[in-house]
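Inspection log for the structure reproduced underneath, given as structure tokens.
The values are calculated or read from the model by the stated rules, or taken from the named source; none is laboratory data. Please read all numbers here as calculations on a predicted model, not as lab measurements. Positions of Cβ are backbone-derived with ideal geometry, glycine not excepted, and every protein chain shown enters the neighbour counts.
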Amino acid sequence: MKSLQKNNKTISVFNKYNLWKSYAIIEGELAKAQSQVGLIPKRVANNILKNSKLTNNDIKKIEASYKITKRLILSIVREISKKCDENSSGFVHWGGTTRNILDAGRNIIIRDAHRLILKELSLSINKLSVLSKKYAETPMLGRTMGQNAIPISFGFKVAGWIESLIRLDKKFKDAEKSIFTLNFGGAVGAMHGFEGKGEQLTKQLSKNLGFNNSLVPNRTSIENSIDYLLSLSFQGIVIGKITNEIYALMTQSINEVSEIKTKGQIGSSTMPHKVNPFIILDVIREAALLRGKASISIESGFPLHEGDSRYDNVVDHLIKETVPISLNLLQSFNKLFENLNINSDQMSKNLISEKDYIASENLMYKLAKHIGRQKAHDIIHHTIEKSVKKNLNIKDNLIKEKIISYYFSSSEIEKILDPSKYIGESKKISLKLSSIAKKYSSDIKKRASKKDLGVTK
């Protein structure tokens, strides 16, 4: 089966003409599968298959018919039938239902769009792989609970972002198995119109389309779609978290990263000195929009019995809104990193500003080997607390503290408190995640190109 032509312009992914063409493709593939299992003659199937490929002129005719019938699939079936020869026209849409065609056709579009999403995710992970390696040893302040904590490297921070994106892709993998599943069983899903060959037919059709095959193809099994919607919402959580952290690092008081300013860029209409970031705002907005879809998705999972379109319509609408936002988000996210300046000098300045005590943990562990961890902790804590209270030099007071100076010389204490040398295993973790990310990025790209994306072997 030929997939629809991919379009990098997100706005056109779910345009009605792409959808209509996908529905016609399903009608042709249905006929082909029916001939493969002996339900209709091969010649008939070939004729239907050939005429299911809609031209722009066909689309115009369908549009005119749809205005009258108010039934889209009926109008598509009628147009395909008109194009077929006399012996074949009566077999178009044999045993299918509108919902069967809508779901399967929509999933073709989703798969095409999802391939683009995966390619952008692959690019994101690759970009972070480069950053994690490049800045594996670049020291910066680590922060917890909004407070300065102990030093890390910027590469280590990026490594955490990489792991989050890998977790996101694992969500995508699970969702792919769900969404790319064929539910095709006739009016109520029990395969009434297939002469006892329903299971054989749906397996064949699933294979032709590159989909998994549902064991019970009832028309209210929309959990698959909801699984996919929730994975996209999780993308909004992951990228939202990363981007909000970058936004915090952009604040003037920290200033460790920034957007590269373009020539002539003006940030504020009233403050000449002020140039605001703007790319990151797109990412934050789109991530928030994605997260907002989660609650609506969950509330859409309650159709009744064997056929109920109330929630189908909601889910269809959600998917048509959410998939383009997901793709836009990743594109904006990648654009952000293409225009992100890493200010390692400012990272160093921020670290040095706290140099008297930010590596006090290191001193604590060194001292603890002699007097025990808790006692060492209390001595250093009280010394720092007293110094801050009396506005005294913290490092000098630590050097003067009798118990500390008993075990270490002033030069040794200076060395122990050097924050640039106390980054733990940041370098090792950064390089490890950089290597993992590089391979993972390649694997995602390969997966995106698979005809049967998401199919369980």
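At-a-glance table
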{"item": "Residue in region 387-396 that is in the same structural domain as residue 228 (by TED's automatic domain parsing), part of a helix (DSSP H, G or I) and free of Cβ contacts under 8 Å to residues at least 12 places away in the same chain present", "result": "no"}
{"item": "Number of the condition not met by residue 450 [criteria: (1) within 23 Å of the chain's Cα centre (by Cα); (2) in a helix (DSSP H, G or I)]", "result": "(2)"}
{"item": "Test: residue in region 130-152 that is of a type in the set (A, V, I, L, M), part of a helix (DSSP H, G or I) and either in the same structural domain as residue 222 (by TED's automatic domain parsing) or farther than 30 Å from residue 251 by Cβ (or both)", "result": "yes"}
{"item": "Residue within region 96-111 that is crowded, with 17+ Cβ neighbours inside 10 Å, free of Cβ contacts under 8 Å to residues at least 60 places away in the same chain and not in a helix (DSSP H, G or I) present", "result": "no"}
{"item": "Unique match (being at pLDDT below 80 and closer than 18 Å to residue 231 by Cβ) among 292, 301", "result": "301"}
{"item": "Cβ-Cβ under 7 Å pairs, at least 6 apart or on other chains, region 342-357 side under 18 Å from residue 388 (Cα atoms), far side part of a loop (DSSP other than H, G, I, E, B) and not aliphatic (A, V, I, L, M)", "result": "356/393"}
{"item": "Of all residues in region 172-198 being outside any loop (DSSP other than H, G, I, E, B) and surrounded by 19 or more Cβ atoms within 10 Å (Cβ to Cβ), the one that is farthest from the chain's Cα centre (by Cα)", "result": "194"}
{"item": "Number of the exception - residue 444 against (1) part of a helix (DSSP H, G or I); (2) outside the structural domain of residue 142 (by TED's automatic domain parsing); (3) farther than 25 Å from residue 138 by Cα; (4) of a type outside the set (Asp, Glu)", "result": "(2)"}
{"item": "Test: residue 313 is in contact with a strand residue (DSSP E or B) (Cβ under 8 Å, 6 or more places away or on another chain) and either on the phi < 0 side of the Ramachandran plot or part of a helix (DSSP H, G or I) (or both)", "result": "no"}
{"item": "Per-region count, region 127-151, residues among the basic types (Lys, Arg) and surrounded by fewer than 16 Cβ atoms within 10 Å (Cβ to Cβ)", "result": "0"}
{"item": "Residue satisfying condition, being surrounded by fewer than 19 Cβ atoms within 10 Å (Cβ to Cβ) and either of a type in the set (Asp, Glu) or on the phi < 0 side of the Ramachandran plot (or both), within set 362, 393", "result": "393"}
{"item": "Matching option when the condition is outside the structural domain of residue 319 (by TED's automatic domain parsing), modelled with pLDDT under 95, farther than 25 Å from residue 453 by Cα and not aliphatic (A, V, I, L, M), among 7, 57, 18", "result": "57"}
{"item": "Residue in region 380-388 that is within 25 Å of residue 254 (Cα to Cα), surrounded by 13 or more Cβ atoms within 10 Å (Cβ to Cβ) and polar (S, T, N, Q) present", "result": "yes"}
{"item": "Selection status of residue 355, modelled with pLDDT under 95 and exposed (fewer than 13 other Cβ atoms within 10 Å of the Cβ)", "result": "no"}
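One line per residue, one yes/no per condition, for (1) over 22 Å from residue 176 (Cβ atoms); (2) modelled with pLDDT of 90 or more; (3) not in a helix (DSSP H, G or I):
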residue	(1), (2), (3)
200	yes, yes, no
220	no, no, yes
231	no, yes, no
239	no, yes, no
264	yes, no, yes
